[in-house]
Amino acid sequence: WISLINARRVPSIQVAIHRVLLAETERKDPVDVLVDSVIAWENLVGSRGESTLRVSMALAWLMGTDATDRATIQKAIGGRKGLYDIRSDVVHGERTLTVMEATTKPAAAVNFALDALRAIFEKRPELLTECKNSKERSDRLLLDDK
């Protein structure tokens with residue numbers, strides 16, 4: 001296996017190799033193993049779909065205070081060259097992070113995740129109690145007029 005990998009390795013599958021190694025050797029939490037493994041699948045054979053728009057719009061509705069604020073959030077997360085695009089490019093082996101991106105983008109992504117958690121727990125707890133999964137939460141955010 002080592003000889004085959006050394007002979008045939010290409011940069012576009014580095015994420016898959018790295019995530020499988022993490023899943024097998026370092027991850028203790030089963031959720032981390034699952035997530036790393038699925039990211040490896042995506043890096044090997046995945047493609048993008050509707051998820052970028054759904055996730056970025058739902059988060060914009062969750063965290064934004066008005067139309068302008070929501071548009072800014074949506075663009076930062078899901079717009080062309082937004083965080084979701086950057087993450088997808090890396091996961092699907094289309095590119096690597098630049099040094100500048102590596103110092104700023106992960107922190108921005110974590111901050112959006114923290115802001116989203118704060119908003120759900122503080123302002124929209126019904127999304128936790130009334131919705132069974134992420135699709136239901138997303139549907140509620142996109143379709144309700146709250």
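The values are calculated or read from the model by the stated rules, or taken from the named source; none is laboratory data. Nothing here was measured: the structure is a model prediction, and the numbers come from that model. We place every Cβ from the backbone using ideal geometry, glycine too, and count neighbours over all the protein chains shown. Only protein heavy atoms, including side chains, enter the accessible area calculation; ligands, DNA and RNA are left aside. Shrake-Rupley method; radii C 1.70, N 1.55, O 1.52, S 1.80 Å.
Below is a table of values for the structure above.
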{"read-out": "Complete set of residues in the range 1-49 that are under 20 Å from residue 109 (Cβ atoms) and exposed (fewer than 13 other Cβ atoms within 10 Å of the Cβ)", "value": "29, 31, 34, 49"}
{"read-out": "Residue 120 among the hydrophobic types (A, V, I, L, M, F, W, C), closer than 30 Å to residue 10 by Cα and either touching a residue at least 40 places away in the same chain (Cβ under 8 Å) or open to solvent by less than 60 Å² (accessible area, probe 1.4 Å) (or both)", "value": "no"}
{"read-out": "Count of the range 1-11 residues which are in contact with a helix residue (DSSP H, G or I) (Cβ under 8 Å, 6 or more places away or on another chain) and in a helix (DSSP H, G or I)", "value": "1"}
{"read-out": "Flag if residue 56 is under 26 Å from residue 128 (Cβ atoms), open to solvent by less than 70 Å² (accessible area, probe 1.4 Å), in contact (Cβ under 8 Å) with a residue 12 or more places away in the chain and small (Gly, Ala, Ser)", "value": "yes"}
{"read-out": "Scope the range 80-99; condition touching a residue at least 12 places away in the same chain (Cβ under 8 Å), assigned to a helix (DSSP H, G or I) and more than 10 Å from residue 15 (Cβ to Cβ); matching residues", "value": "83, 84, 85, 86, 87, 88"}
{"read-out": "The range 92-106, subset under 13 Å from the mean Cα position of the chain (by Cα) and under 23 Å from residue 62 (Cβ atoms), residue surrounded by the most Cβ atoms within 10 Å (Cβ to Cβ)", "value": "105"}
{"read-out": "Condition met for residue 138 (under 30 Å from residue 12 (Cα atoms) and either touching a helix residue (DSSP H, G or I) at 6+ places or on another chain (Cβ under 7 Å) or among the polar types (S, T, N, Q) (or both))", "value": "no"}
{"read-out": "Sole exception among (1) exposed (fewer than 14 other Cβ atoms within 10 Å of the Cβ); (2) closer than 30 Å to residue 9 by Cα for residue 110, by number", "value": "(2)"}
{"read-out": "Residue check, residue 126 within 23 Å of residue 12 (Cβ to Cβ), among the acidic types (Asp, Glu) and more than 12 Å from the chain's Cα centre (by Cα)", "value": "no"}
{"read-out": "Residue within the range 10-22 that is at pLDDT 85 or above, out of contact with any Lys or Arg (no Cβ under 7 Å at 6 or more places or on another chain) and among the polar types (S, T, N, Q) present", "value": "yes"}
{"read-out": "Selected residue [at pLDDT below 85 and among the aliphatic types (A, V, I, L, M)] from 55, 38", "value": "38"}
{"read-out": "Residue within the range 127-143 that is touching a residue at least 60 places away in the same chain (Cβ under 8 Å), open to solvent by 60 Å² or more (accessible area, probe 1.4 Å), in a helix (DSSP H, G or I) and within 17 Å of residue 74 (Cα to Cα) present", "value": "yes"}
